[in-house]
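Trainee: Structure below; questions to follow.
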C-alpha cells in the first residue's frame, strides 16, 4: 500500500481525511476533481495508516454496481437452507465504525443515494425482506470522490459530507516530477519505499491518536463561536448543519495541532472545506448577508468563503 505520508500535492484532501479520523462526527469528505489525481490512493492509504497503528477505522468500498442485497444485507441463504433465518451482513454493516468510500459517487444509483441518506441521518440500517427483520448500527465516515464533468451530485447527498475539497491536476513541473519519482520507487520495491516513510507515517499516526484523545477536552470560547456563526452567515451557508460542521472541524484542527482551545485561526482554516459546498444554493440568500460582497465577488465557492471570513475578521476587529 502506498504510504499516506508519501502522497504529494493533495494536502487539502489529506487534511480533511485526517480531521475526519480525529472526529468522525464531522461526517465525511467529498473530493471532486480531475481523474488520475490519487483520490482513491489517498483514501486507501489513510485506512492502511490507521490500521497499522491500532486505530480501528477500516475503509470499506461501495462499488457503483453493487446490488441492494450487497449494500443492505439480506437473508443468509446457506443457513436458510438448514431451516434457520439469519442475516448476512452487507457493505453498510462492514463499514460500521470506519470509512465508507464511494468512488464516482456522483454516478451512484438514485436508490443507493436514498439508502445512504437515510442511514447517514439515523446511523441505523433496517432490513425487512424475505421473512427477515434485522436492525443494526451503521455509523461511518462517508467519503466520496468523482469527476463532476461526468455527472452532478444530488444536493441532498452533497450536504451529508461534512467537508469538501476540489482535487485538481497539478501544474508545477517539479511537483509532477516528484509524483512520478515516488510512484516508480514504490512500484520497484514497496517494502523499501515504505521503510523510507515509516517515521513520517509514525509521526502522523501519533498526531491522530493524540488528537482523538484530546478532542473532547478542546474548548470553544464564546467569541470564537460568534466568529464561526458570523462566517457562516456572511458566506450564505445553507442550513444550520454548516455551523455545527465548522465547529467540529475547528475543534478537530485544534486537537490534532496539540491545543486545548479553538482559535480564530482554526475557524478561518476550517471554513473553506466545511462551507464551500454549502454556499450559492439560493440566489435570494444574499439578502440575509450583512454585505453582498462575498456573493457578488464571483470566483470559486472557496474564494467566496475566504472573502467572507476575512470580512468578518475585519468587522470584529473594527
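Trainee: Sorted by packing (mean other beta-carbon atoms within 10 Å per residue), highest first, where do 6-12, 242-248 land?
Mentor: The packing order, highest mean first, is 242-248, 6-12.
Trainee: Shape verdict for region 145-275, please, from the Cα gyration tensor: rounded (a/c under 1.5), prolate (a/b greater than b/c) or oblate.
Mentor: Cα axes put region 145-275 in the oblate bin.
Trainee: Over the chain, what is the mean sequence separation of C-alpha contacts under 8 Å (at least six apart), divided by residue count, expressed as relative contact order in percent?
Mentor: 21 percent
Trainee: Can you tell me the relative contact order of region 133-290? Whole percent, Cα pairs under 8 Å, sequence separation 6 or more.
Mentor: Value for region 133-290: 27 percent.
Trainee: Taking Cα pairs under 8 Å and at least six residues apart, what relative contact order does region 4-167 come out at, in percent?
Mentor: 34 percent
Trainee: A further question follows. So for each of 98-111, 162-175 I average, over its residues, the number of other beta carbons within 10 Å; can you give me the resulting order with the highest mean first?
Mentor: The peptides rank, most packed first, as 98-111, 162-175.
Trainee: While we're here: So how tilted is helix 241-256 from the main axis of the chain? Cα-based, degrees 0 to 90, rounded to 10.
Mentor: Taking Cα atoms only, the helix is inclined about 90 degrees.
Trainee: How much length is gained if the chain between residue 110 and residue 124 is pulled fully straight, taking 0.36 nm per residue apart and subtracting their Cα-Cα distance, in nm to one decimal?
Mentor: Length gained between residue 110 and residue 124: 3.1 nm.
Trainee: Another question, if that's okay. Extension gain residue 300-residue 8, at 0.36 nm per residue separation less the Cα-Cα distance, in nm?
Mentor: Value of the extension gain: 102.8 nm.
Trainee: Using a Förster distance of 30 Å, how high is the FRET efficiency between residue 172 and residue 241, based on the Cβ-Cβ distance and rounded to 0.05?
Mentor: 0.30
Trainee: How far is helix 110-122 tilted off the main Cα axis of the chain, in degrees rounded to 10, range 0 to 90?
Mentor: Value to nearest ten degrees: 70.
Trainee: Next question, about the same structure. Arrange 39, 306 by Cβ neighbour counts within 10 Å, fewest through most, would you?
Mentor: Exposure proxy ranking, most exposed first: 306, 39.
Trainee: Calculate how steeply helix 301-317 sits against the longest principal axis of the alpha-carbon atoms of the chain, using the helix alpha-carbon long axis, and give the answer as 0 to 90 degrees to the nearest 10.
Mentor: Long axis of 301-317 versus the principal axis of the chain: about 50 degrees.
Trainee: As a footprinting exposure proxy, order 230, 56 by other Cβ within 10 Å, with the fewest listed first.
Mentor: 56, 230
Trainee: Of [x] 21.9; [y] 15.4; [z] 19.1, which is the value of mean projected area of the Cα convex hull in nm² derived from the coordinates here?
Mentor: After the calculation, the listed value that fits is [z].
Trainee: Would you order 114, 52, 260 from fewest to most other beta-carbon atoms within 10 Å of each residue's own beta-carbon?
Mentor: Ranking 114, 52, 260 by Cβ neighbours within 10 Å, fewest first, gives 260, 114, 52.
No lab work stands behind these numbers, since they all come straight from the coordinates. Note that the structure is predicted; figures quoted are calculated from it, not measured. Cβ sites come from the backbone with ideal geometry, for glycine too, and all protein chains shown count toward neighbours.
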